[in-house]
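The numbers here are math on the coordinates, done by the rules we state, and not lab data. For clarity, every value in this text was computed on a predicted model and none was experimentally measured. Every residue, glycine among them, receives a Cβ derived from its backbone with ideal geometry; neighbour counts consider all protein chains shown.
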Amino acid sequence: MVLVILVALLAATALFSLASGASDASILPIVRDWFAPAGGALSQRSHLIIMEIRLPRMLLGALVGASLAVSGAVMQGLFRNPLADPGIIGISAGASLGAATMIVLGGTALAPLAIFFGVYALPIAAFAGGLAVTTLLYRISTREGRTSIATMLLAGIAIAAMALAFTGLLIYLANDQQLRDLSFWMLGSLAGSTWSKLWAVAPIILPALAASPFLARALNALSLGEASAAHLGVPVQFFKMLAVLVVSAATGASVAVSGAIGFVGIVCPHLLRLLIGPDHRYLLPASALLGATLLLLADAASRTVVAPAELPIGILTAAVGGPFFLWILLRRRGVIDL
Amino acid sequence: MIETTNLSVSLGRREILSSVGMTARPGEMTVIVGPNGSGKTTLMKTLSGDLAYRGRVMFNGISLSSMKPWQMAALRAVLPQATTLAFPFTVHEVVRLGLTNGRSGALPDAVARLPERALARVGLENFSGRLYQELSGGEQQRVQLARVLCQVWSPVLEGQARYLFLDEPVSSLDVKHQLLIMNVARDYARHGGGVIAVLHDLNLAAMFADRIVMMHRGKIAASGTAADVLTEETLATIFDCRLAVGFAETGVPFVLPQSAA
């Protein structure tokens with residue numbers, strides 16, 4: 001039932017997202033234009049804006065939002081901790097370091113790479129950074145074929161701190177223009193979404209999202225602890241690896257196209273647990289839907305609040321998500337028991 | 001039958017279990033007792049498949065090391081000492097996790113009602129919709145027992161005896177519920193299943209065990225019936241505590257801490 005409502009909500013938000021922005025085009029003509037492109041419901045210029053700017057941006061926003069929320073829900077299930085997030089185990093920090101390296105050193109030391117990959121250089125660097133952290137974490141926390149979740153969490157905090165230090169060093173080295181690019185990217189933004197960016201990340205994000213429902217039963221069992229999950233017959237090691245792979249792919253790809261967008265991964269699953277309970281069979285798809293919806297809403301707001309300019313979306317999600325999360329915590333005091 | 005031969009387990013460089021040879025038969029309750037640090041819990045974890053070991057562990061004639069997690073889960077269910085949950089699951093959702101492996105042994109149309117029946121078995125009718133996190137420690141432990149019962153509901157499945165592993169199942173319970181849990185376990189054994197329980201309470205052990213295995217410094221110090229094992233001599237050497245052993249009218253031995261010299 002809640003899933004049906006969430007699908008309807010996402011559809012409505014998607015339409016709203018297509019219709020809002022610096023240039024005006026209302027919902028009804030967009031829908032008519034979709035079914036009869038030759039009908040002339042929209043001007044040539046509006047048609048172009050919708051198809052080439054807003055549609056890829058809307059799709060990318062939905063993918064990123066779904067990735068962030070699902071990654072958060074999976075990490076929380078894996079770590080048995082409602083505050084876990086790809087940001088916490090350093091995947092986002094690693095991706096940010098990769099991007100910062102490309103922005104600052106792309107003109108000098110890494111120039112050949114920057115020229116070779118062109119517009120893809122930044123996303124690829126971010127993705128590589130995220131993947132590098134995940135691989136390193138996995139190496140550190142796996143002994144004799146068993147991955148210790150506690151070691152992984154602690155190592156992740158240490159690695160995130162190191163990545164942050166290196167990013168700081170790069171910021172220190174950067175010139176004025178690079179500094180501007182850096183801070184804008186780090187705040188998170190969907191501006192500059194294109195079909196080519198969408199095609200670059202969709203093949204990574206979609207399989208990760210499609211794999212997530214297969215984690216649901218294992219994550220439910222893992223809520224009893226790793227030993228008990230294994231006693232229930234769940235091949236725990238396999239599912240831990242699959243979960244980490246899903247999260248690093250989805251997070252790396254998301255951070256690559258949109259920078260670090262905070263709080264979606266914590267707020268969506270938490271809100272849904274209050275609404276439909278913690279059963280991951282429903283929580284994971286619902287998180288994908290709600291994450292996509294919230295990010296599209298935030299993006300629409302970021303485009304209209306200071307139109308015709310736009311606000312980096314990361315500012316908006318943190319500014320709204322932070323207080324919202326605190327409000328949940330205060331209302332439900334005592335339920336989150338670490 | 002569960003049988004270990006020359007079973008040794010090391011954690012780091014320390015050998016926690018050395019050359020343990022024990023058997024647990026279907027239809028019996030085998031109780032492991034021993035002082036703190038004697039290796040009871042390590043033995044239980046090894047039998048549960050959690051630890052690497054040297055030697056041999058056989059379940060109904062099959063080597064433990066050759067079994068996959070789901071094959072083990074079809075043969076035995078494990079009740080941990082205590083379980084906390086990070087998320088607000090309901091009691092019903094927790095108990096239903098016992099059905100994850102799909103080998104409860106109940107008929108297909110009865111499986112859906114199994115969580116309710118298991119809850120009734122442990123005295124928690126009408127707790128289905130309650131939140132697990134809001135229950136008392138003793139209630140949580142009984143919910144977990146209901147979950148474990150669901151996993152191996154039929155004590156014998158396709159001719160194979162199945163086992164309940166209980167690690168200090170009654171340590172957080174009041175006396176009424178201690179007896180309730182121990183009776184559920186004994187009943188499981190009476191219907192052909194096997195039970196291995198780690199107990200601290202020597203009197204409960206004496207009362208319910210068909211066979212007691214007494215551990216000391218990673219080895220089996222004594223095993224047999226309660227009357228064989230719980231003697232003043234073994235208690236003095238192994239627990240380092242001089243206790244007088246009395247006998248109840250049923251012939252079951254008991255010890256009282258008041259008798260300590």
Next on the checklist: Around A:SER67, under 15 Å between beta carbons, what's the net of Lys plus Arg minus Asp minus Glu among the other residues?
Outcome noted: -1
Checklist entry - Between B:VAL175, B:VAL152, B:VAL94, which gets the highest mean-square fluctuation from a Gaussian network model of chain B, Cα cutoff 10 Å? => result B:VAL175
Checklist entry - Share of antiparallel DSSP beta bridges in region B:2-259, in percent to the nearest 5? => result 60
Checklist outcome for this item: From fewest to most C-beta neighbours within 10 Å, the residues A:VAL7, A:VAL306, B:VAL122 line up as A:VAL306, A:VAL7, B:VAL122
Item to check | Fraction of beta bridges assigned by DSSP in the protein assembly as shown that are antiparallel (%, nearest 5) | outcome: 60
Checklist outcome for this item: Across A:71-83, the residue-averaged tally of Cβ atoms belonging to other chains within 10 Å stands at 1
Checklist entry - Listing A:LEU296, B:LEU256, B:LEU180 from the residue with the fewest other Cβ atoms within 10 Å to the one with the most, what is the order? => result B:LEU256, B:LEU180, A:LEU296
Item to check | chain A - mean residue ellipticity at 222 nm from DSSP helices (-39,500 (n - 2.57) per run, n ≥ 4, rounded to 500) | outcome: -24000 deg cm²/dmol
Checklist entry - How well do other chains shield peptide B:39-50, expressed as the mean number of their Cβ atoms within 10 Å of each residue Cβ? => result 1
Checklist entry - How would you rank A:VAL201, B:VAL111, going from fewest to most other Cβ atoms within 10 Å of each one's own Cβ? => result B:VAL111, A:VAL201
Checklist entry - Given only helices, namely DSSP H runs of n ≥ 4 each adding -39500 (n - 2.57), what is the per-residue ellipticity at 222 nm of chain B, to the nearest 500 deg cm²/dmol? => result -8500 deg cm²/dmol
Checklist outcome for this item: Scoring only Lys, Arg, Asp and Glu (+1, +1, -1, -1) among other residues with Cβ under 13 Å from the Cβ of A:LEU295 yields +1
Item to check | Gaussian network model of chain A, Cα within-10 Å springs - most flexible of A:ASP176, A:ASP85, A:ASP279 | outcome: A:ASP176
Checklist entry - Can you give the longest stretch of chain B with no exposed loop site, where a site means trypsin sites (Lys or Arg not before Pro) in a DSSP loop (not H, G, I, E or B) with at most 11 other C-beta atoms within 10 Å? => result B:114-241
Checklist entry - Size of the dipole of the protein assembly as shown about the Cα centre, Lys and Arg at +1 and Asp and Glu at -1 on the beta carbon, nothing else charged, in debye to 20? => result 520
Next on the checklist: Give the lysines reachable from B:LYS45 as a straight Cα distance under 20 Å; neighbours fewer than 8 places away on the same chain don't count.
Outcome noted: B:LYS68, B:LYS219
